[in-house]
Amino acid sequence: MSMLRKVYQHPTFTENDYQKIEDAHTKVSVKKNDHFLKAGEVCKTYYCLENGLARGYVTDQKGNEITTGFYGKHEIVIEVVSLFQQVPAKENLQAVTDSVCWKIDFERFQDIFHTIEAFPEWGRSWMAQNLFACKLRSISMITDSATDRYLALQKQYPEIIQQAPLKYIATYLGITDTSLSRIRRNLSKK
């Protein structure tokens, strides 16, 4: 199964549908720390990660980078609001590691969205999954301890713990680097 078939899984996609999807994408390499998108730009492309790790981040009023999300293997690196509303992005998208991905521009996306019958259903499913994940993360930030949030991240996404700098992980968890170091130290003693 090609990498794109793993990203665009849907039970009613035909071989012809998958061929159209694959033809709409272009393989690209992105170097560590390079940006897929910078805040202020209008998102005209999204990326399917074949391998590597990426992150979304914003800059707060004090100039600190706050990681808003991570993207791993077989996930879509996208700034949804900017892409679908064609407005300037508020979020930056950056490669955490050297990455190989498949990009698709908005016009090609629109073409397959309107010509592949099952594609809108795939899109609704993808959007719902991401909305649910966002809601669960929002609730977790309020109800779970920093240690519990770290342990959940470690269990669900070990590649983030292994590949992302601690400062990115800390801001994603809503804590300082020092607090994260203390949590890791305490957990290593158990």
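Per-residue answers, yes or no, for (1) without any contact (Cβ under 8 Å) to a residue 24 or more places away in the chain; (2) within 19 Å of Glu50 (Cα to Cα):
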| position | (1), (2) |
| --- | --- |
| Gln94 | no, yes |
| Val100 | no, yes |
| Phe109 | no, yes |
| Phe132 | yes, no |
| Ser138 | yes, no |
| Ile142 | yes, no |
| Ala152 | yes, no |
| Gln162 | yes, yes |
Inset, instruction - Among what's in region 78-98 and is among the polar types (S, T, N, Q) and outside any strand (DSSP E or B), pick the residue that is surrounded by the most Cβ atoms within 10 Å (Cβ to Cβ). - result: Ser82
Legend entry - Ser145 vs. criteria out of contact with any helix residue (DSSP H, G or I) (no Cβ under 8 Å at 6 or more places or on another chain) and within 22 Å of His25 (Cα to Cα): no
Legend entry - Pair list, Cβ < 6 Å and 6+ apart or interchain, from region 57-80 residues that are basic (Lys, Arg) to residues that are open to solvent by less than 40 Å² (accessible area, probe 1.4 Å): Lys73/Leu49
Inset, instruction - Would you mind telling me which numbered condition in (1) more than 21 Å from Lys6 (Cα to Cα); (2) buried (at least 17 other Cβ atoms within 10 Å of the Cβ) Cys101 fails? - result: (1)
Inset, instruction - Find the helices (runs of 4 or more DSSP H) located wholly in region 115-190 whose residues include 1 or more that are closer than 18 Å to Tyr71 by Cβ, open to solvent by less than 50 Å² (accessible area, probe 1.4 Å) and in contact with a strand residue (DSSP E or B) (Cβ under 7 Å, 6 or more places away or on another chain), and list them. - result: 158-163, 166-173
Inset, instruction - All but one of (1) open to solvent by 40 Å² or more (accessible area, probe 1.4 Å); (2) within 15 Å of the chain's Cα centre (by Cα); (3) over 13 Å from Lys90 (Cα atoms) hold for Thr26, so report the exception by its number. - result: (2)
Inset, instruction - Scan region 43-75 for residues that are crowded, with 18+ Cβ neighbours inside 10 Å, hydrophobic (A, V, I, L, M, F, W, C) and touching a helix residue (DSSP H, G or I) at 6+ places or on another chain (Cβ under 7 Å) and report the count. - result: 4
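Conditions tested, residue by residue: (1) outside any loop (DSSP other than H, G, I, E, B); (2) open to solvent by 20 Å² or more (accessible area, probe 1.4 Å); (3) closer than 17 Å to Ser125 by Cβ.
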position: Leu4; (1), (2), (3): yes, no, yes
position: Thr12; (1), (2), (3): no, yes, yes
position: Glu22; (1), (2), (3): yes, yes, no
position: Asn33; (1), (2), (3): no, yes, no
position: Gly40; (1), (2), (3): no, yes, no
Legend entry - Among residues of region 52-77, those that are within 25 Å of Gln154 (Cβ to Cβ) and part of a loop (DSSP other than H, G, I, E, B), counted: 7
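The values are calculated or read from the model by the stated rules, or taken from the named source; none is laboratory data. From a predicted model like this one, the values you see are computed outputs, not experimental measurements. Cβ: placed from backbone, ideal geometry, glycine included. Neighbour counts: every protein chain shown. Quick note on the areas: whole protein, heavy atoms, side chains included, nothing else; ligands and nucleic acids left out. Shrake-Rupley method; radii C 1.70, N 1.55, O 1.52, S 1.80 Å.
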